[in-house]
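For reference, the structure is listed below as structure tokens.
The values are calculated or read from the model by the stated rules, or taken from the named source; none is laboratory data. Just so it is clear, the model here is predicted, and its values are computed rather than measured. FYI the Cβ positions are ideal-geometry reconstructions off the backbone, even for glycines, and counts take in every protein chain you see.
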Amino acid sequence: MALILLAISTPGANHFTLCPLANLGITWCPGCGLGRAITYAFHGDIKQAQALHWFVFPALAILLFRIAQLSKQFILSLKN
């Protein structure tokens, strides 16, 4: 669901953050920018996605692989 929301959200829009470090005013966080980078990647702006977070494409690959694994397990459990 989170990936769907990132895919349909507007790139560059100001969004509320749940990051505790960002909410404390700390400007550097290893995960900050990853959601925005995924949004840009879904909208085809590869250059901006890479600029926001270097881990955007490995993270997407890991998330999609895990979604496929869980979906397969769920379908197999329905058959039993």
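A few notes on this one:
- In segment 46-73, the residues that are assigned to a helix (DSSP H, G or I) form Cβ pairs under 7 Å with partners that are β-branched (Val, Ile, Thr) and surrounded by 14 or more Cβ atoms within 10 Å (Cβ to Cβ), at six or more places apart or across chains, as follows: Ala49/Val56; Gln50/Val56; Val56/Ile38; Leu60/Ile38.
- Flag if Ala22 is small (Gly, Ala, Ser), part of a helix (DSSP H, G or I), out of contact with any Leu (no Cβ under 9 Å at 6 or more places or on another chain) and modelled with pLDDT of 95 or more: no
- Taking the listed residues Ala37, Ala22, Ala7, Ala41, the one that is surrounded by fewer than 17 Cβ atoms within 10 Å (Cβ to Cβ) and either closer than 19 Å to Ala59 by Cα or among the charged types (D, E, K, R) (or both) is Ala7, with no other qualifying.
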